[in-house]
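Just so it is clear, none of the values below were taken in a lab; they were calculated from the coordinates. Source: prediction; values computed, not measured. FYI the Cβ positions are ideal-geometry reconstructions off the backbone, even for glycines, and counts take in every protein chain you see.
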Ligand SMILES: Cc1ncc(COP(=O)(O)O)c(C=O)c1O
């Protein structure tokens with residue numbers, strides 16, 4: 001048994017590993033059901049063979065191929081230029097590099113919770129002082145900017161947000177984002193925005209501008225795996241106007257992947273030119289499944305409550321029974337139905353419930369199995 005105090009085990013991984021060998025269907029995923037190669041070829045109207053024709057098999061440039069960065073700049077941002085973008089082996093690597101470039105032990109970091117665990121654990125493992133601002137389930141998982149300001153007044157180097165939000169499916173209004181950026185500006189706080197579910201808004205008007213486009217100290221992180229449902233192509237990116245930060249991030253990346261796969265970058269640079277087509281396919285799975293969500297009032301007899309999300313394909317289902325642990329209920333569900341959902345303990349929150357994904361083709365079966 002190896003113990004590395006710099007990288008304590010993630011609770012999500014430990015929980016999932018405890019089911020290893022059991023044939024369970026994951027109903028906790030945050031991305032829509034992944035594209036197959038055939039489905040992707042049909043959706044974009046082009047074969048992989050022609051996409052990959054003549055691809056260079058040398059190392060890719062460490063900041064990412066220009067063609068991919070141009071695609072991102074043109075189709076995913078308003079004012080971010082190709083040289084303000086860098087690509088990574090997934091969003092996870094981008095996040096790790098940004099934290100390590102921006103922070104030192106002792107720095108104060110604020111994160112929203114419930115939270116995707118690495119967003120909190122990476123800075124915590126670096127020795128940063130990480131505080132949590134809990135979203136308010138009673139008010140549709142809203143973010144209280146007055147509470148955020150209290151932390152800013154006490155000194156905060158970095159505020160970390162994630163909209164569309166994993167695990168609640170919450171988002172901000174356009175006005176709330178403007179007010180938040182203004183607050184960060186006033187207190188000179190860096191704003192790291194994990195935007196990996198951008199593209200999964202259920203209506204176009206709920207799509208927010210990116211933080212990198214909105215704020216000079218804003219950093220946006222995106223990925224092809226989540227919002228676009230292609231996790232088998234390992235391409236993430238970051239966008240930021242600050243050149244010094246981009247250089248520091250690139251330096252950290254030199255300790256990790258150094259550069260991406262040329263094959264992945266070539267496919268991503270074409271596929272990401274068609275975000276609307278990808279979104280259309282993803283919503284064709286998500287929206288019918290969402291209509292089943294309102295039927296979910298109990299899980300194996302345990303009463304639950306839901307705020308219907310307007311974005312993404314995961315939802316935080318609140319457990320109304322305070323006598324039973326969410327982990328016990330999740331284990332009962334796994335045993336009795338064959339579906340795996342995640343208990344709220346994995347999201348560093350005091351709020352009780354489960355993360356359920358509704359981007360899976362078998363979602364209706366899951367609802368029936370839990371009746
Ligand atoms: C909020 C959030 N950010 C980042 C990631 C990392 O994405 P990837 O594994 O594709 O790099 C995930 C993955 O689940 C996520 O939920």
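Let me have the relative contact order for the chain, percent, based on Cα pairs under 8 Å that are six or more residues apart.
Values: 707 pairs, mean separation 95.2, N = 371.
Dividing the mean separation by the residue count of the chain yields 26 percent.
Which value in deg cm²/dmol, rounded to the nearest 500, describes the helix-derived mean residue ellipticity at 222 nm for the chain, given -39,500 (n - 2.57) per DSSP H run of n ≥ 4 and division by the residue count? Working shown, then result.
Working: 14 runs with 138 residues, N = 371.
That calculation yields -11000 deg cm²/dmol at 222 nm.
Given a Förster distance of 41 Å, report the FRET efficiency between residue 263 and residue 292 from their Cβ-Cβ distance, rounded to the nearest 0.05. Could you put the intermediate results ahead of the total?
Values: r = 37 Å, r/R0 = 0.91.
FRET efficiency, residue 263 to residue 292: 0.65.
I need to check one value: relative contact order of the stretch 181-274, counting alpha carbon pairs closer than 8 Å and at least 6 residues apart, in percent. Kindly include the intermediate steps, with their values, before the conclusion.
Working: 106 pairs, mean separation 21.1, N = 94.
Result for the stretch 181-274 is 22 percent.
Can you list the equivalent-ellipsoid semi-axes of the stretch 79-156, largest first and in whole Å, using the square root of 5 times each Cα gyration tensor eigenvalue?
On the way: eigenvalues 117, 58, 38 Å².
The answer is 24, 17, 14 Å, longest axis first.
How big is the C-alpha Rg of the stretch 153-258 next to the rule-of-thumb value 2.2 N^0.38 Å, as a ratio? Walk me through the numbers on the way to the answer.
On the way: Rg = 14.5 Å, N = 106, 2.2 N^0.38 = 12.9 Å.
Rounded to two decimals, the normalised Rg is 1.12.
For the ranges 104-115, 255-266, what's the packing order if you count other beta-carbon atoms within 10 Å of each residue, average per peptide, and put the highest first? Walk me through the intermediate numbers first.
Numbers: 104-115: 19.4, 255-266: 17.8.
Top of the packing list down: 104-115, 255-266.
Connecting C-alpha atoms closer than 10 Å in a GNM of the chain, tell me which of 12, 86, 238 has the biggest fluctuation.
12
Can you tell me what share of the DSSP beta bridges in the chain is antiparallel? A percent to the nearest 5 is fine. Could you put the intermediate results ahead of the total?
Values: 21 of 40 bridges.
Here the share of antiparallel DSSP bridges comes out near 50 percent.
Order 284-296, 41-53, 58-70 from most to least packed using the mean count of other Cβ atoms within 10 Å.
Working: 284-296: 15.2, 41-53: 13.5, 58-70: 17.4.
Going by the mean number of other Cβ atoms within 10 Å, highest first, we get 58-70, 284-296, 41-53.
Taking neighbour counts of Cβ atoms within 10 Å as a proxy for exposure, in what order, fewest first, do 215, 33 appear?
Working: 215 23, 33 20.
With the fewest neighbours first, 215, 33 line up as 33, 215.
At what distance in nm do the modelled label points of residue 175 and residue 5 sit from each other, each positioned 7 Å from its Cα along Cα→Cβ?
The answer from the label model is 4.9 nm.
To the nearest 0.05, what FRET efficiency results for residue 243 and residue 67 with a Förster distance of 30 Å applied to their C-beta separation?
Details: r = 21 Å, r/R0 = 0.71.
That gives a FRET efficiency of 0.90.
Between residue 182 and residue 273, what is the spin-label point distance in nm, taking each point 7 Å from the Cα along the Cα→C-beta axis?
Modelled inter-label distance: 4.0 nm.
Could you state the principal axis extents of the C-alpha atoms in the stretch 1-112, from the largest down, to the nearest angstrom?
46, 42, 31
For residue 325 and residue 19, compute 0.36 nm times the residue count separating them, minus their Cα-Cα distance, and round to one decimal in nm.
Values: separation 306, 0.36 × 306 = 110.16 nm, distance 1.78 nm.
Length difference between fully extended and current span is 108.4 nm.
For the pair residue 280/residue 250, report the inter-label distance in nm, with labels modelled 7 Å from Cα in the Cβ direction.
3.8
Using alpha carbons only, how many angstrom separate the centre of the stretch 191-226 from the centre of the stretch 307-371?
Going from one Cα centre to the other spans 25 Å.
On the Cα set of the chain, report Rg and Dmax in Å, please.
20.2, 61
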